[in-house]
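Single-structure report; data block below.
The values are calculated or read from the model by the stated rules, or taken from the named source; none is laboratory data. Predicted model, so just to flag it, every value in this text is computed and none were measured. Here the Cβ positions follow ideal geometry from the backbone for every residue, glycine too, while neighbour counts run over all protein chains shown. Side chains are part of the model used for accessible areas, which takes the heavy atoms of the whole protein and leaves out ligands, DNA and RNA. Shrake-Rupley method; radii C 1.70, N 1.55, O 1.52, S 1.80 Å.
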Amino acid sequence: MKTLRWILIIPISFLFIACNGGTSDQGTGAEVAATKQTFNWKMVTTWPANFPVFQEGAERFADMVNAMSDGRLNIQVYAGGELVPALQSFDAVSQGTIEMGHGASYYWSGKVPAAQFFAAVPFGMTAKGVETWIYSGGGLELWRELYEPFNLVPIPMGNTGVQTGGWFKKKINSVDDLRGLRMRIPGLGGNVLKKVGGNPVLMSGSEIYTALERGVLDATEWVGPYHDLRLGLNRAASFYYYPGWHEPGTELELIINSNAWAQLPEDLKAIVNNAAQATSMWMYTTMEYHNNEALLELQSSQNIEILEFPSEVLAELKRVSEEVLEEEAATDPEFKRIHEHYKEFRENYSNWTRISEDSYQKALLR
Ligand code: CA
């Protein structure tokens, strides 16, 4: 029987090879050369060297692409400041001096205000909603259109999950306590703080601890328990507030120079897209895991208090957040267009989350 099977298989295999041999499936000479070409790219990030999860994730992504492409796409990853200053990575990739970047789109809010929808919106959607909007609800198409004039292709890569509200030197009992408060808080959240009388300060991660410890800042937000603990913020302020109303599910981005992207053969593009999706999942779940571990550690500390913002404060911040979004939309047509899309998606999607996630969470608490 075995012999008979081989007799049958061999001719079929030959037939398959023979049929395939002369067809266009094997590609023209130029296509074959292109698929064998090796690309050596640089990636710059907005993160400090050795920054857990984010910089780590960018490096894992590069390793994955290298392995999946059998070394045909080599990406050398540089932390913020190693090749270009962290917040200039957008320009470097846009101009094409660097092929790729990793960061968060709200860092470019000065240049592209509407980019903030693809990072964080105060009282906006959490990771689940944001990613459903981006991957499946038309968000990614809007994002691509928005970045096209900058010669950039955006690809979602990572989400921080719900962040924490931040570290405060004094208790926040009412909205009045936010007046005059010097707080490091970027993006739209900063605009909201300003509108309730606070002083938002822009500051990179490496400066935060010293500024808070020396009283240059009265408060700061950073990421969540894991990153905040690593920065030692629990030694610089006593009151740790939640939730992160200003960053309920911050999406991270890969940006690629359009000309560099156009030169990649289709299989390498597919590798980049799929490695980015795999890295997204890794970053999000790693964040969730470590945040919980770090929170347990913070909860056992005698020197700090972990508190929920009073509901009166959250209600006012929510009201003002809506005003800030409407005001921004009134001054920028792109912001308005994406804001409307985001709002409509969210409203429509809440129909399902109400009877799925929300109802289930309520059932658990019964
Ligand atoms: Ca933050």
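Residue by residue through the range 196-222, note down the ones that are in a helix (DSSP H, G or I), hydrophobic (A, V, I, L, M, F, W, C) and away from the ligand (no atom under 12 Å from the Cβ).
Answer for the range 196-222, where residues must be in a helix (DSSP H, G or I), hydrophobic (A, V, I, L, M, F, W, C) and away from the ligand (no atom under 12 Å from the Cβ): Ala211, Leu212.
Cβ-Cβ below 6 Å, separation at least six or inter-chain, first residue in the range 88-108 and β-branched (Val, Ile, Thr), second modelled with pLDDT of 95 or more and surrounded by fewer than 23 Cβ atoms within 10 Å (Cβ to Cβ): which pairs?
The qualifying pairs are Ile98/Lys42; Ile98/Ala92.
What residue, of Ala276, Ala211, is in the same structural domain as Val93 (by TED's automatic domain parsing), under 23 Å from Leu87 (Cβ atoms) and modelled with pLDDT of 95 or more?
Numbers: Ala211 fails: in the same structural domain as Val93 (by TED's automatic domain parsing).
Matching residue, one of Ala276, Ala211: Ala276.
Residues Glu357, Glu340, Glu323: which one is assigned to a helix (DSSP H, G or I), modelled with pLDDT under 95 and open to solvent by 50 Å² or more (accessible area, probe 1.4 Å)?
Among Glu357, Glu340, Glu323, only Glu357 is assigned to a helix (DSSP H, G or I), modelled with pLDDT under 95 and open to solvent by 50 Å² or more (accessible area, probe 1.4 Å).
Given (1) under 25 Å from the mean Cα position of the chain (by Cα); (2) under 17 Å from Tyr241 (Cβ atoms); (3) outside any strand (DSSP E or B), where does Trp167 come up short, assuming only one miss?
(3) is the only condition that Trp167 fails.
State yes or no: is Glu312 within 23 Å of Ile185 (Cα to Cα), touching a Ser or Thr at 6+ places or on another chain (Cβ under 8 Å) and assigned by TED's automatic domain parsing to the domain that holds Gly198?
yes
Within the range 176-202, track down each residue that is surrounded by fewer than 24 Cβ atoms within 10 Å (Cβ to Cβ) and on the phi > 0 side of the Ramachandran plot.
Within the range 176-202, Gly180, Gly197 qualify.
Give the range 178-190 a look and list any residue that's more than 21 Å from the chain's Cα centre (by Cα) and in contact (Cβ under 8 Å) with a residue 40 or more places away in the chain, or say none.
Leu178
Among the residues of the range 170-195, write down those that are of a type in the set (A, V, I, L, M) and not in a strand (DSSP E or B).
Ile172, Val175, Leu178, Leu181, Ile185, Leu188, Val192, Leu193
Pull up the range 124-143, narrow it to residues that are β-branched (Val, Ile, Thr) and open to solvent by 20 Å² or more (accessible area, probe 1.4 Å), then point me to the one that is farthest from the ligand (Cβ to nearest atom).
Filtering the range 124-143 for residues β-branched (Val, Ile, Thr) gives 126, 130, 132, 134.
Next cut, open to solvent by 20 Å² or more (accessible area, probe 1.4 Å) only: 126, 132.
Details: Thr126: 14, Thr132: 22 Å.
The qualifying residue farthest from the ligand (Cβ to nearest atom) is Thr132.
Could you tell me how many of the residues in the range 311-366 are within 16 Å of Val196 (Cβ to Cβ) and β-branched (Val, Ile, Thr)?
Counting residues in the range 311-366 that are within 16 Å of Val196 (Cβ to Cβ) and β-branched (Val, Ile, Thr) gives 3.
How many residues does the range 244-292 hold that are within 16 Å of the ligand (Cβ to nearest atom) and either farther than 30 Å from Asp228 by Cα or assigned to a loop (DSSP other than H, G, I, E, B) (or both)?
Going through the range 244-292 one residue at a time, the tally reaches 7.
Would you mind stating whether Leu193 is within 16 Å of the ligand (Cβ to nearest atom), within 16 Å of the chain's Cα centre (by Cα) and farther than 25 Å from His290 by Cα? Steps first, answer last, please.
Details: within 16 Å of the ligand (Cβ to nearest atom): yes; within 16 Å of the chain's Cα centre (by Cα): no; farther than 25 Å from His290 by Cα: yes.
The answer is no for Leu193.
Could you list, in sequence order, all residues of the range 144-175 that are more than 18 Å from Tyr107 (Cβ to Cβ), open to solvent by 10 Å² or more (accessible area, probe 1.4 Å) and more than 16 Å from the ligand (Cβ to nearest atom)?
Correct list: Arg144, Glu145, Glu148, Lys169, Lys170, Lys171, Asn173, Ser174, Val175.
Scanning the range 293-308 for residues that are open to solvent by less than 80 Å² (accessible area, probe 1.4 Å) and in a helix (DSSP H, G or I), which turns out farthest from Asn159 (Cα to Cα)?
Leu298
Taking the range 223-243, which residues are in a strand (DSSP E or B) and over 19 Å from Ala211 (Cβ atoms)? Show your work before the answer.
The initial filter retains those residues of the range 223-243 that are in a strand (DSSP E or B), namely 239-242.
Tyr242, the sole residue that qualifies.
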